[in-house]
Each structure stands twice: as structure tokens, then as C-alpha cells.
1. Between a first residue in region 64-92 that is free of Cβ contacts under 8 Å to residues at least 24 places away in the same chain and a second residue that is open to solvent by 50 Å² or more (accessible area, probe 1.4 Å) and assigned to a helix (DSSP H, G or I), which pairs have beta carbons less than 7 Å apart while being 6 or more apart in sequence or on different chains?
2. Residue by residue through region 337-376, note down the ones that are outside any loop (DSSP other than H, G, I, E, B), open to solvent by 40 Å² or more (accessible area, probe 1.4 Å) and among the polar types (S, T, N, Q).
3. Could you go through region 551-562 and let me know if any residue there is open to solvent by 40 Å² or more (accessible area, probe 1.4 Å), aliphatic (A, V, I, L, M) and in a helix (DSSP H, G or I).
4. Suppose we filter region 276-288 for residues that are surrounded by fewer than 19 Cβ atoms within 10 Å (Cβ to Cβ) and either at pLDDT below 95 or acidic (Asp, Glu) (or both); how many remain?
5. For region 459-473, which positions are in a loop (DSSP other than H, G, I, E, B) and of a type in the set (S, T, N, Q)?
6. Considering region 201-210 alone, what residues qualify as being farther than 24 Å from Leu224 by Cα and not small (Gly, Ala, Ser)?
7. Return the pair list, or none, for Cβ contacts closer than 8 Å from residues in region 324-350 that are farther than 16 Å from Ala372 by Cβ to residues that are of a type in the set (Asp, Glu) and in a helix (DSSP H, G or I), at least 6 apart or on different chains.
8. So which helices (runs of 4 or more DSSP H) stay within region 102-174 end to end and still have 3 or more residues that are at pLDDT 95 or above and under 20 Å from Tyr76 (Cβ atoms)?
Amino acid sequence: MFSRLRSVEALVTLAALSTACQGEDPRAGAAGSGGGSGVGGAGAAAAGLGSSDPRACALDAAVAATPLRRLTRTQYDNTVRDLLGLATHEAAAFPDDDRVGAFPANPRQSVTDAHVRRFMDAAEHLADQLDAAALRKLAGCAAATADDACADQLIQVTGSRGYRRPLSQEQALDLRAVYQLGKQGGGFESGARLMIEALLASPSFLYHVELKPTIGGTSANVPLSDWELASRLSYFLWQTLPDAELVHKAEAGELSDAVALEQQAKRLLADARAEQTLAYFTENWLGIASLQQLTRDSAKFPTFDATQARAMRDETLAFVKHVFQSDASSLSELFTASYSFVPDALLPVYGLTRPDRESATDALQLDPTERAGLLLQPSVLAAHAPSDHTSPVKRGVFILSDILCHEIKPPVGIKVPELPPLDPNQTTRERFLQHEQPGCSGCHAPIDHLGFTFEHYDSVGAFRETDGGKAINDSGSLEIGSSVDGPVAGATEMAKKIASAPELGACVVRQWHRFALGRSESDADACSLHSLETNLESSGSSLRELVLAIPLQNSFRLRPANPQ
């Protein structure tokens with residue numbers, strides 16, 4: 001499989017990455033490249049927000065550079081689907097995605113021979129699925145269009161869509177040369193397939209390419225082009241390439257206007273593809289993406305199976321979707337609600353039966369003394385527990401790091417004592433008293449004391465009264481240097497305390513910002529992050545408003561003129 005592109009590997013070798021991704025911006029000479037390439041355009045767009053708008057930062061406020069990123073596996077498969085009309089899972093064979101915090105992003109992963117081989121194998125396999133009729137349909141060729149003319153049309157259509165910008169003359173000529181090479185062995189179909197193969201193996205397809213602008217002046221920041229904004233917006237909200245309307249807006253140079261950009265963000269967010277992205281964000285943020293592979297001790301949990309694991313995931317995604325799409329769309333609701341959308345397979349975990357005349361699509365009222373929002377749903381509780389017992393450390397670390405963005409420093413020069421083996425006559429809390437000794441308690445106290453409040457929930461998330469034959473002590477505390485620090489009596493009180501912590505809103509802002517840009521925040525993002533936090537507070541903690549505000553930030557629309 002790997003041999004077919006050897007004759008044109010100069011086109012797709014990773015050495016081309018340097019040229020493709022660091023070269024000068026060819027937009028000035030590209031037909032239909034649209035406007036928005038000047039600093040003045042971005043200035044007008046930023047001014048369009050209004051100086052009092054909490055989402056507006058000064059144009060010269062620092063912004064961080066967003067590194068070159070490769071498409072994630074999800075983005076690759078979605079992009080192939082929307083470019084070629086092929087439903088595929090080719091990316092499952094790729095090496096695991098690199099992560100930024102909880103999210104796949106690929107900003108740092110080096111490219112090995114194994115990567116290149118997998119990319120080329122996938123490109124060849126995908127191209128082989130397209131016959132002459134499918135290739136002509138992709139190009140939009142009329143029945144009477146000559147083969148070479150149709151090939152040129154195919155190059156322009158798939159090339160510009162696949163590269164997410166107008167083709168430069170050099171790129172078009174390179175793809176035409178590949179077509180001619182393939183045509184020698186079998187006519188139009190063979191040539192077009194080889195061209196598609198080369199396109200899919202090109203760095204311009206595989207990477208989020210943002211070209212070095214040819215803009216003079218002394219401004220600290222320069223705007224992204226309309227094409228780059230279209231791509232950032234589409235991959236943020238849909239995890240795929242821009243659709244026809246976004247392409248049209250980019251061609252017209254309209255996306256550098258903040259009002260037009262916000263209108264497009266609202267349009268994309270109203271589409272079903274945004275629901276899939278919300279689910280993708282949620283699975284990764286909460287660490288529940290691998291629930292299908294979850295195993296539990298069959299002796300302790302004989303009814304647990306893949307159906308129940310899938311039901312855990314389905315419940316959480318349905319709940320998050322409901323809150324996100326509701327009029328309130330409130331962050332507080334996400335962490336305190338005493339209702340959920342419980343699939344039938346999950347009713348035994350809750351110890352419930354479904355009331356008459358209700359279906360799994362109806363909200364089921366839960367005991368507010370036992371359940372409060374996301375953190376007390378079985379998916380989250382099970383995902384952060386071992387197979388046969390609970391772990392205050394796993395649950396505490398997850399909440400501190402991913403829900404509150406509290407830095408947990410690993411111990412240096414300290415040997416953490418090993419916990420005693422499981423004892424059916426000993427509670428988890430008693431086992432973890434090993435961490436109370438000098439040298440350990442300083443690091444473990446904030447983790448363990450938070451995790452202890454969730455001890456009423458076993459490793460499938462079911463509520464229990466005893467552990468090791470003893471009544472459960474679920475007292476604990478929140479200790480993060482926050483205004484809400486203090487003792488806590490149980491998990492529902494902890495969930496409400498977390499919901500009222502200022503650190504929660506700030507962390508959710510950072511998580512969405514990381515997801516949108518595929519990078520961690522830095523000091524240079526201070527203005528954008530502050531604007532998002534202010535907007536979240538002023539909107540009544542509306543999650544929808546937070547997501548819509550991200551594309552309007554300097555961190556999303558600008559880049560430093562001279563990145564270090």
C-alpha cells in the first residue's frame with residue numbers, strides 16, 4: 001500500500017511542512033482570497049464590539065501564539081467525511097492524539113516514520129473507495145466535461161476545501177502533476193485517485209496551517225485571515241472543515257467583522273454538529289470517553305456490563321445537552337441539579353423504578369440528599385474509581401485539576417506510603433489514613449479530604465450506607481485557598497460548594513479556551529480570559545454565551561506579529 005506515493009513523496013514529505021506552514025502568506029496573489037488581511041480590518045472589527053463590551057480587549061493587548069497543530073483523529077475522520085463523502089474510521093489506526101489538558105489537540109507530538117506510513121496508508125485506502133462517477137460528482141463536472149478539464153475542476157474544489165484556503169498556483173500545479181502521473185497508468189480515474197491520495201497526505205491537509213502574514217507595520221498583533229477564522233470557528237464548533245456558507249463568508253472577506261463572526265458562531269452552534277462537539281468536549285473534560293472499556297469486579301458488581309456503561313455515558317451527555325440548550329444554560333444548574341435523564345439500564349444503579357407515563361427522555365427527579373449535578377452521576381463516579389473499590393485520591397484529583405483547575409504539585413523527594421491491602425472489614429477512609437503522616441498530609445490533605453465526601457458512592461456510582469461493614473463517614477473539606485474553603489458534610493454539600501466557588505467559572509472558561517485553541521493558556525491570554533470570565537458572570541453563568549464569546553477574543557482572532 002505504501003509504495004504508490006513513493007514516486008511523488010517529494011510532494012508529501014514532512015520536509016514540506018516547513019515550507020507549507022512557515023512560508024509567506026500567498027493570499028495577496030490568490031484568486032478569491034477575500035479581505036480582512038490588514039490590521040485596520042481587525043481594528044474595525046474589534047471596535048464593532050463596542051468599548052464597553054466585556055468581550056473586547058485592546059488590539060495591542062498581548063496574545064499568545066497558537067502552535068502548529070495536526071488534526072486530531074476525530075477531526076481527520078470528520079474532515080474526510082465532509083470533503084469526500086466517505087464515512088470512515090481510518091484515524092483509529094493513527095497513533096494516539098497528544099493532549100492539551102483533557103483534550104486531544106496534537107500541538108507538540110513529533111512526527112515519526114510510523115505516523116507518515118499510517119497517513120499514507122489511510123490516504124491510499126480512502127482514494128481507492130472513489131470510482132470515476134464519485135470523483136466527477138465531487139468535482140461537479142457535467143457529463144460532457146473532458147477528463148482533464150474535470151480533473152482541473154476536481155483539484156480546485158477538493159484542494160481548496162481540503163487545504164481550507166484558496167490553492168496557490170504552485171499547489172495547483174503540484175496536484176496537476178500528480179494527476180498526470182497517475183493518469184499514465186489508467187486514465188482519469190487512476191490519476192484523480194492519486195491526486196486525492198496526495199492531497200490527503202499533504203501537510204496542508206493534515207495540519208491546521210496558519211501562514212506567516214506579509215503585513216508590515218509596528219502593531220504587536222496581526223489578524224488571522226478570513227480563511228483562518230473560518231477554519232478555527234468550524235473546527236472549534238463542528239470539529240470539521242468549513243461548510244459552504246463559511247467558505248462564502250471567507251471569500252467575501254466578511255469574517256474579520258466581529259458581528260458577522262458572531263452570527264456565524266450562532267449559526268454553527270444551532271446545528272446538530274455542534275451537539276456532537278458538545279458531547280466530545282464533555283466526554284474528554286469529565287474523563288468519561290473510555291467508559292465503554294470500563295471493567296468492574298464481577299463478584300462485587302454482577303449486573304454491571306457494557307450496556308450499563310453505555311447508559312452512564314448517555315445519561316451525562318443528555319443532561320449536559322439539556323442544560324446547555326435551556327434558556328438558563330447555567331453553570332450552577334450543571335453542578336447542582338437534582339434531576340437527570342436516566343436510561344432504563346441505569347435505574348438499578350440509582351435504586352429506582354421509572355414512574356408510570358414517563359420515558360427515558362423525560363427528566364427524572366432524584367433524591368436531592370443523594371444527587372446534585374454532574375459530579376454525582378454514575379459516569380463520573382465510576383470513571384474515577386478502580387474496579388473493586390473507591391479511591392478518594394482519583395476523585396479528588398479529578399475535581400481539583402479538571403473542575404477547579406487547582407494545581408497539584410507532585411511530591412519531590414518524598415516516598416508516598418503504600419496503602420494496606422483491601423480488607424473487607426476496613427473502610428476506604430481507614431486505609432487512606434496512611435496519608436495523614438508527616439510529609440504526606442501537606443499534599444494529600446486537599447485531595448483526600450475532598451475525595452472522602454464522595455465515599456457514599458461505590459465504584460459504579462450507586463449510593464451506599466456502609467463500607468467494610470461500617471457506617472460511612474463522608475465528612476471532609478475544600479482546601480484550595482478559595483473564599484468557599486471550609487468543612488463539608490457529604491457530597492451534595494461539596495457539589496453545591498464547588499458550584500459557588502469563583503474558581504469553577506474561571507476553570508470552565510479555561511477548559512473551553514483550551515478546547516477551542518488546542519493549546520494551554522499563558523500570561524499573554526490574561527485579557528482574553530478575563531473578558532470571558534466577566535462575560536460568564538454578567539450572563540448569569542450561561543454556558544452558551546461563554547462558547548459564543550470565545551471566537552470574539554483576541555486570542556482567537558489575532559496572533560502576535562513576532563512570536564517568540
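1. Taking only residues 6 or more apart or on different chains, the pairs are Ala87/Arg81; Ala92/Arg73.
2. Scanning region 337-376 gives a single hit, Gln365.
3. Checked against the condition, which is being open to solvent by 40 Å² or more (accessible area, probe 1.4 Å), aliphatic (A, V, I, L, M) and in a helix (DSSP H, G or I), region 551-562 yields no hits at all.
4. Residues flagged as surrounded by fewer than 19 Cβ atoms within 10 Å (Cβ to Cβ) and either at pLDDT below 95 or acidic (Asp, Glu) (or both) within region 276-288 amount to 0.
5. Ser459, Asn473
6. none
7. As it stands, the answer is Ser326/Glu333; Ser329/Glu545; Pro343/Asp314; Pro343/Glu315; Leu346/Glu315, since those pairs meet every condition given.
8. Result: 113-127, 147-163.
The values are calculated or read from the model by the stated rules, or taken from the named source; none is laboratory data. Quick caveat: nothing in here was measured; it's all calculated off a predicted structure. Cβ atoms come from the backbone with ideal geometry, glycine included; neighbour counts cover every protein chain shown. Protein only, heavy atoms only, side chains kept; ligands, DNA and RNA dropped before computing areas. Shrake-Rupley method; radii C 1.70, N 1.55, O 1.52, S 1.80 Å.
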